[in-house]
Amino acid sequence: MPNIHFSSILFEQAKKYGERPAFFTRNNATGTWEPLSWKAFATETKNTALALLSYGVQPGQPVAIYAQNMAEIFFIDYANYAIRAVSVPLFATASVAQLIYILNDASVQLLFVGEQTQYDNTLEALPHIPTLKQIVVIDPTVVLHNEPHSLYFSEFITKNKTTAIEIEEEFVQRQQAASENDLALIMYTSGTTGEPKGVMINHSSFIEVMKIHDDAVPYLTENDRSIAFLPLSHIFERAWCYYCFYKGTQIYVNLRPQEIQAAIKEVRPTAMCGVPRFWEKVYLGVKEHIDSFSPAMKGFVVWALALGEIYNLHYLRLGIKPPLWLKIRYQLVDKLIFAKVKKTVGIENANIFPVGGGALDDSINIFLRSMGIPIVIGYGLTESTATVSCFRQTNYIIGTVGKLMNGVEARIGDDNEIQLKGKTITAGYYNKPEATEAAFIDGWFRTGDAGKFDEEGNLILIERIKDLFKTSNGKYIAPQQLEIKLGTNKHIDQVAVIGDKRNYVTAIIVPNMDELHQFATENQLAELKDDALLQHPMVISFYTTLIETLQKDMAMYEKIKKFTLIKKAFSIETGELTSTLKLRRAIIQQNYHQQIEAMYH
């Protein structure tokens, strides 16, 4: 379907696939995944579009969606596109203050909300959003509190249901008038610094995304099934789901992120977007399982992983046919070890697992690839409509984020900044001409990421420029490098490195509390409360030795000299993490100011 506009893509797919399931949602009452056919998907979307028209939604009007991953998000999105309206996704974890800011910035009149938390937040925010006239609640179990601006999604459709010929005609006219220059999304970045900015994404960018992904990952097909568990309010998952619909790939919509491990075992996906932290936890779980083996079995696994690395990275990665002896041995260890591990996790049917939103440690990438898990590392931003570069099926280089997508141009500017051009690059930020002007230089978009290219054209990320800090001794520190090294250890759940304008590096560390309790039991400290345990000299000594070992290859000025252990994990709700689990360093430094200052006195 070359260059097909998003106003009609869904309806064209419905003609092609008919009663074939387009996606599945989980019925928590029965514990089963229930399908929705392409035909039903198109019907629900058109009903939503007609209701929006009857309500009076105009071309270019922002329509906001504040919800967890739900099927209705797709109905609303494609309905908006059919009538040339604009979707404004909000993260389900957005605070009242963020809600007020975004809805006012976009002058939103109509808001769809998901569950009780989002609805209650909206009611709290409502007096501060003068443009907001209608709240439509997707979950029918939400208590509406007799609020006059509120009604359920089903009621919105019924209330605005019409057989009026003029509405049907307007629907057709809007579709026919649709242009690739129409604004499709205003996607507010959660950001690691500063206030949210509404990234404007035109239909032309999504049309280009479909095209360039056909070139980069042609092996995704209608026979695949993808599970959507990253927030659809993030460009990574949303653009990937759009691409899946474009390819006819079935999508399983996972409502609650914390249920993903169970969902994966139920769905057995062949495709799935993930952030590095997800795969770090898979890696740590598998490594812990291996550590429980007998010495003989552990030795066999080490040999099997070495064999898998040769087979998958020295041969298949380079497009070279493995010799028969190697293929037979690999098939044996795959059957005895790798296949069982993958089945335990639920990923034995893996075809493509894109990974983005942060850096994945090379050793984890090699480990997973050696087991035959098709991790596809990529790099992108909201402003680039997701993918800028990614691994191809062969000839990818570990330690890079792959080659540029066809049609995306990149150059390295001052401070090694990656700068971009192309059809997928945003035109700028909604209502923010000054921020838009600052984001471009000579027509090139400034990513804020430092990087370089190797001799073969693979992009290598160095660091987020704003995350780089300089000690008072004049030394530059890349905190993510340290955080990745420490975060791959089973005893450390999260770590935030501190040191800007300080004379040495420190860290706030969240231990893996289960591992810490095990350590306490083994060392006669089990009677201690968590707060006392985190300050016990034996625990401090253990983590001091552990950290020194993990950073042994770092330069002396880069090493963590002092650290503080805390019990409460960094979270999206406290503002300390973005939606893709990146650290918001400024918020962490603000929340733990007292502990940080104590490490420098």
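The values are calculated or read from the model by the stated rules, or taken from the named source; none is laboratory data. Everything numeric here is computed off the predicted structure, so don't read it as measured data. Neighbour counts run over all protein chains shown; Cβ positions are idealised from the backbone, glycine included.
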Practice item. Identify, by number, the condition in (1) more than 23 Å from the chain's Cα centre (by Cα); (2) among the hydrophobic types (A, V, I, L, M, F, W, C); (3) modelled with pLDDT of 95 or more that residue 4 doesn't meet. Key: (3)
**Study point:** Residue in the stretch 103-118 that is farthest from residue 195 (Cα to Cα), counting only those that are over 24 Å from the mean Cα position of the chain (by Cα) and surrounded by fewer than 19 Cβ atoms within 10 Å (Cβ to Cβ)
**Key:** 107
Point to revise | Every residue from the stretch 297-329 that is part of a helix (DSSP H, G or I) and closer than 18 Å to residue 392 by Cα | key: 309, 311, 312, 313, 314, 315, 316, 317, 318
Exercise for review: For residue 313, state whether it is within 22 Å of residue 260 (Cα to Cα), hydrophobic (A, V, I, L, M, F, W, C) and touching a residue at least 12 places away in the same chain (Cβ under 8 Å).
Suggested key: no
**Study point:** Qualifying position, being crowded, with 23+ Cβ neighbours inside 10 Å and over 23 Å from residue 171 (Cβ atoms), among 67, 29
**Key:** 67
Review point. For residue 205, are the conditions met, namely being closer than 27 Å to residue 177 by Cβ and of a type in the set (Gly, Ala, Ser)?
Key: yes
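Could you check the stretch 401-492 for strands (runs of 3 or more DSSP E) lying wholly inside it with 2 or more residues that are without any contact (Cβ under 8 Å) to a residue 60 or more places away in the chain and among the charged types (D, E, K, R)? Reasoning before the result, please.
Values: elements: 409-412, 417-421, 444-453, 459-464.
Of the strands (runs of 3 or more DSSP E) lying wholly inside the stretch 401-492, those with at least 2 residues that are without any contact (Cβ under 8 Å) to a residue 60 or more places away in the chain and among the charged types (D, E, K, R) span 409-412, 417-421, 444-453.
Per-residue answers, yes or no, for (1) under 27 Å from the mean Cα position of the chain (by Cα); (2) β-branched (Val, Ile, Thr); (3) closer than 24 Å to residue 269 by Cα:
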position	(1), (2), (3)
22	yes, no, yes
26	yes, no, yes
35	yes, no, yes
72	yes, no, yes
94	yes, no, no
100	yes, yes, no
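State all residues of the stretch 486-503 that are more than 17 Å from residue 515 (Cβ to Cβ) and buried (at least 20 other Cβ atoms within 10 Å of the Cβ); if no residue qualifies, say none.
Once the filter is applied, which keeps residues that are more than 17 Å from residue 515 (Cβ to Cβ) and buried (at least 20 other Cβ atoms within 10 Å of the Cβ), the stretch 486-503 yields 496, 497, 498, 499.
Can you name every residue in the stretch 145-162 that is within 20 Å of residue 76 (Cα to Cα) and in a loop (DSSP other than H, G, I, E, B)? Full working, then the answer.
Going through the stretch 145-162, the residues within 20 Å of residue 76 (Cα to Cα) turn out to be 149-162.
Result: 149, 160, 161, 162.
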Point to revise | the stretch 220-269, subset basic (Lys, Arg) and either over 27 Å from residue 116 (Cβ atoms) or crowded, with 23+ Cβ neighbours inside 10 Å (or both), residue nearest to the chain's Cα centre (by Cα) | key: 238
Exercise for review: Find all pairs meeting these conditions: Cβ atoms under 6 angstrom apart; at least six residues apart or on different chains; first residue within the stretch 208-228 and touching a residue at least 24 places away in the same chain (Cβ under 8 Å); second residue in a helix (DSSP H, G or I) and surrounded by 14 or more Cβ atoms within 10 Å (Cβ to Cβ).
Suggested key: 209/239; 210/246; 213/243; 220/247; 226/244; 227/267; 228/237; 228/241
